[in-house]
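Participant: One structure follows; several queries about it will come next.
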Amino acid sequence: MKSVATTVVTAADAAGRFPSQNDLEAVQGNIQRAAARLEAAEKLAEGLDKVTKEAGDACFSKYPYLKQAGEAGENQTKVDKCYRDIAHYLRLINYCLVVGGTGPLDEWGIAGAREVYRTLRLPTAAYVEALTFTRDRACSPRDMSPQALNEFKSYLDYAINALS
């Protein structure tokens, strides 16, 4: 799984060298932010159901047509699947917070997602809206410390940009 540490080691190994000072500083910075990332991961895990529900509700509120016949949320089963997918992205963000890198999102959430959504005629804009709502609603100190919130929002931004 890709993290800052594995990326640095892989790049150095591919170049047949030891990690550079800049490489080591990147790893050190990642380690220094670990406590904030783990706090964010814990808070997200504790509130996953609530965050998912709020994000999904915001999405269906912005795009009410999605509940019309022939659309992604035309019946309760499909609506439930939309909420499941939002929870899946949030869980992957949680994993990114734990490992300190985008590997889980890259490997399990983004690779091929656009093609799957296009094939199934599912709009990525809905997921972008749900993640954007989550990013914009999250605040400190209500939800987590400023440092943890910064880490959380950085992975939300990463997912938003990848799905946009």
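The values are calculated or read from the model by the stated rules, or taken from the named source; none is laboratory data. Because the structure is a prediction, the values reported are computed rather than measured. Glycine also receives a Cβ, built like all others from the backbone with ideal geometry; neighbour counts cover every protein chain displayed.
Participant: Could you look through region 53-84, keep only residues that are farther than 17 Å from ARG118 by Cα and of a type in the set (Asp, Glu), and pick out the one that is modelled with the lowest pLDDT?
Facilitator: Taking region 53-84 first, the residues farther than 17 Å from ARG118 by Cα are 53-65, 67-69, 74-77, 79-80, 83-84.
Filter once more, keeping what is of a type in the set (Asp, Glu): 54, 57, 74, 80.
Values: GLU54: 97, ASP57: 96, GLU74: 91, ASP80: 95.
The extreme case among them is GLU74.
Participant: Now, a different point. Which residues, counting only those in region 129-164, are surrounded by fewer than 17 Cβ atoms within 10 Å (Cβ to Cβ) and closer than 18 Å to ALA113 by Cβ?
Facilitator: Result: ASP157, ASN161, SER164.
Participant: Kindly indicate whether PHE60 is under 30 Å from LEU120 (Cβ atoms), among the aromatic types (Phe, Trp, Tyr) and out of contact with any Pro (no Cβ under 8 Å at 6 or more places or on another chain). Please lay out each step first, then the result.
Facilitator: Working: under 30 Å from LEU120 (Cβ atoms): yes; among the aromatic types (Phe, Trp, Tyr): yes; out of contact with any Pro (no Cβ under 8 Å at 6 or more places or on another chain): yes.
Considered against the rule, which asks whether it is under 30 Å from LEU120 (Cβ atoms), among the aromatic types (Phe, Trp, Tyr) and out of contact with any Pro (no Cβ under 8 Å at 6 or more places or on another chain), PHE60 comes out as yes.
Participant: Looking at this structure, is GLU115 in contact with a Lys or Arg (Cβ under 9 Å, 6 or more places away or on another chain) and of a type outside the set (Lys, Arg)? Walk me through it before giving the result.
Facilitator: On the way: in contact with a Lys or Arg (Cβ under 9 Å, 6 or more places away or on another chain): no; of a type outside the set (Lys, Arg): yes.
The answer is no for GLU115.
Participant: If we only count helices (runs of 4 or more DSSP H) wholly inside region 1-74, which ones have 2 or more residues that are among the charged types (D, E, K, R) and within 18 Å of ASN150 (Cβ to Cβ)?
Facilitator: Fully inside region 1-74 and qualifying: 34-46.
Participant: If you take the residues in region 8-41 that are surrounded by fewer than 16 Cβ atoms within 10 Å (Cβ to Cβ) and charged (D, E, K, R), which one is farthest from GLY101 (Cα to Cα)?
Facilitator: Only one residue tops the list, namely ARG17.
Participant: What are the residue pairs meeting all of these: first residue in region 101-128, first residue surrounded by fewer than 12 Cβ atoms within 10 Å (Cβ to Cβ), second residue assigned to a helix (DSSP H, G or I), Cβ atoms under 9 Å, and 6 or more apart or on different chains?
Facilitator: Cβ pairs passing all conditions: ARG118/THR124.
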